[in-house]
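Notes follow the structure.
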Amino acid sequence: MRYINTPNYDHKQNDKIGILLTNLGTPDEPTPKALKRYLKQFLSDPRVVEVPRLLWWLILNCVILQIRPRRSAKAYATVFTEKGSPLLFNTQAQSDAIAAQLQQQGVQNVVVDFAMRYGNPSFDTVLDKMFAQGVRKLLVLPLYPQYSGSTSASTFDELAANFMRRRWLPDLRFISHYPDYAPFIRAAAEKIRQHWQQHGQADKLMLSYHGIPKRYLLNGDPYHCECYKTSRLIAEELGLSKDQYLTTFQSRFGREEWLKPYTDETLKALPAQGVKSVQVFCPGFAADCLETIEEIGEENKEYFLHAGGERYEYITALNAEPAHIDALCQLIKDNLHGWQVEADAQRAVRAEALRTEKYPG
């Protein structure tokens, strides 16, 4: 194997701590060609689709990738803006805000950046850039509050695959989930309260999460339980009773059973149960994207109104809201305990020792 080397490494280089935020990913542009490239990478991940590889290769390449890219491109075209993909620019804003806040709080010698599990900016590109800046300790924060093998574990797989090709490896810490992290719960509740202050409360608050096949739960994936825990804690923070909110799961794919209750079917049924107004918040999405803006904000709204509902409101994701950035910065600092890099004076001594050939390294 040919390893990724660091021939330009200099012992006098300032060592730094890297904070790598990661998210799912997005196509580079809303075109069938870009969607085909993105979907092939995404749906080829065995963590995402646990089907025998040969069978799935045939289904993916001979059926799905011949049909879905054009349909998905039309959906993405409705959410892309002059700044590009919402997931991309929202994650960029989070990264920038975290970097600025950590600096203001006196966290020194830190490099903050972000990468996408699928698409760009890729892990390979961003890690190369971070290591070139002197990152020798790396904290990775996937922006998935609730753990799932198809998200958090898949992120670790991609990170490990990159590390397997490197000659030099950094010290590593990996935050696999934070479904009950108090600052995150408070940030979510504050976002909902702000919406209520402007629009009032609805008959029901729906907390909708991305779905996964039920089979994954039965095989030990904790995602289902962590979603319900997040919902319960947000409801408690808001002072809601059990009949004032509900938890649902969106975005199922294929024919097998996924986690229930389904968001779309629930919205279609609620008006007949006397629920005429509903507000939807997605605690599993750190940043708005196609699934929140188009699927929840538009498609599911139509389901509810056509079924007899009278008022439907999507409460946007936390994105780069100050309370969310505060929560993520605190989570990062909690996980940096014990990690330090050399102070300027220490580096000066080491550099001088190197210059006079007294330093054994």
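Computed values, structure above
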| quantity | calculated |
| --- | --- |
| Cβ-Cβ under 9 Å pairs, at least 6 apart or on other chains, region 65-76 side over 9 Å from residue 32 (Cβ atoms), far side among the hydroxyl-bearing types (Ser, Thr, Tyr) | 76/26; 76/31; 76/85 |
| Residue 63 of a type in the set (A, V, I, L, M, F, W, C), in the same structural domain as residue 330 (by TED's automatic domain parsing) and in contact with a Phe, Trp or Tyr (Cβ under 7 Å, 6 or more places away or on another chain) | no |
| Options 176, 150: the member that is out of contact with any strand residue (DSSP E or B) (no Cβ under 6 Å at 6 or more places or on another chain), of a type in the set (Ser, Thr, Tyr) and part of a loop (DSSP other than H, G, I, E, B) | 176 |
| All positions within region 259-280 that are within 19 Å of residue 229 (Cα to Cα) and either touching an Asp or Glu at 6+ places or on another chain (Cβ under 6 Å) or surrounded by fewer than 20 Cβ atoms within 10 Å (Cβ to Cβ) (or both) | 260, 261, 262 |
| Residue ranges of helices (runs of 4 or more DSSP H) in region 295-361 with at least 1 members within 26 Å of residue 200 (Cα to Cα), within 27 Å of the chain's Cα centre (by Cα) and modelled with pLDDT under 95 | none |
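For (1) surrounded by fewer than 22 Cβ atoms within 10 Å (Cβ to Cβ); (2) among the charged types (D, E, K, R); (3) in contact (Cβ under 8 Å) with a residue 40 or more places away in the chain; (4) within 30 Å of residue 218 (Cα to Cα), each residue gets a yes or a no:
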| site | (1), (2), (3), (4) |
| --- | --- |
| 102 | yes, no, yes, no |
| 107 | yes, no, yes, no |
| 129 | yes, yes, no, no |
| 142 | no, no, yes, yes |
| 151 | no, no, yes, yes |
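One line per residue, one yes/no per condition, for (1) within 14 Å of residue 115 (Cβ to Cβ); (2) within 19 Å of the chain's Cα centre (by Cα):
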| site | (1), (2) |
| --- | --- |
| 133 | no, no |
| 142 | yes, yes |
| 148 | no, yes |
| 153 | no, yes |
| 163 | yes, no |
| 166 | no, no |
| 169 | no, no |
| 174 | yes, yes |
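The values are calculated or read from the model by the stated rules, or taken from the named source; none is laboratory data. Note that the structure is a prediction, hence the values are computed from the model and not measured. Quick reminder, even Gly has a Cβ in these numbers, built from the backbone with ideal geometry, and neighbours come from all protein chains shown.
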